[in-house]
Amino acid sequence: MKRLVRQSLLVALFCLVGGAAMARHHGGHPSPPPSQGSGQSGGEASVGTAGQFDYYLLTLSWSPNYCVLHPNDADQCGGKGFGFVLHGLWPQYASGGYPQNCATPNTLTKEAIAYGVHVFPSPKLIQHEWSKHGTCSGFDALDYFKTADSALASVHVPPAMQAPASPLSMPAADIAAAFVSANPGMTKDELVVACSGPALAEVRVCLNRDLTPVPCGKGVRSSCRPGAVRIQSVR
């Protein structure tokens, strides 16, 4: 009974949270240069067909930087101690661009929400990621979240970046190299580092449909400035 009440409360929460609130969450990171398209993936977004895409972009957000910009997000911040967290698993086109908001008969069910709260760092992110990206996966919501969970588990975070107690500073190329070293079989062409000004925002890993690393498609590139990238300490 308690579980059913909790699920009902979550559903009610999602109904109250509008699109503007979703945009203020991870989608609200400052945009990279115009050449980065939407700031979420390479090229322009388009209304696509569910299930028709070439590969995924697994996006890992560096939570300490997000929390500096959004200190009032109590769900994710406020002493939670998160390092890298799942931002999303985004279908992509190899030729550039990505589908979004695809038409699908599948809906965000209570069962999917209950699973999603254990995958994403905040309930607010669940509906946004399903609506914009999950609808294009060809899966129902529960299977999409399970796939995102499996994708997250398939990528190993370098030990030095799991929970640094003090800020780190290194070039974006070194961050990428550390991920390559921590994930045997991965190459530097299969991930990019995204920054918010001088600070680390995200690491994005390109994955095939079977969740193995694959070279990133056209337009997926780093948005970091030359020089050292600041990696906020975990709080």
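For the reader, a short list of remarks on this structure follows.
- Candidates Arg230, Arg235: the one that is more than 30 Å from Glu111 (Cα to Cα), surrounded by 14 or more Cβ atoms within 10 Å (Cβ to Cβ), of a type in the set (Lys, Arg) and in contact with a Leu (Cβ under 8 Å, 6 or more places away or on another chain) is Arg230.
- Of Ala178, Ala194, Ala172, all but one fail to be crowded, with 21+ Cβ neighbours inside 10 Å, farther than 11 Å from Trp62 by Cβ and modelled with pLDDT of 95 or more; the exception is Ala172.
- Failed item in (1) modelled with pLDDT under 85; (2) in contact with a Pro (Cβ under 7 Å, 6 or more places away or on another chain); (3) over 15 Å from Arg204 (Cβ atoms), with Gly39 passing the rest: (3)
- Any hit, the stretch 42-51, residues being buried (at least 19 other Cβ atoms within 10 Å of the Cβ), modelled with pLDDT of 85 or more and not aliphatic (A, V, I, L, M): yes
- Single residue of the stretch 121-134 satisfying the filter (assigned to a loop (DSSP other than H, G, I, E, B) and modelled with pLDDT under 95) that is nearest to the chain's Cα centre (by Cα): Pro121
- Test: residue in the stretch 101-117 that is under 20 Å from Ser61 (Cβ atoms), not aliphatic (A, V, I, L, M) and not in a helix (DSSP H, G or I): no
- Verdict on Ser169 being touching a strand residue (DSSP E or B) at 6+ places or on another chain (Cβ under 9 Å), touching a residue at least 24 places away in the same chain (Cβ under 8 Å), assigned to a strand (DSSP E or B) and hydroxyl-bearing (Ser, Thr, Tyr): yes
The values are calculated or read from the model by the stated rules, or taken from the named source; none is laboratory data. Source: prediction; values computed, not measured. In this analysis, Cβ positions are derived from the backbone assuming ideal geometry, glycine residues included, and neighbour counts consider all displayed protein chains.
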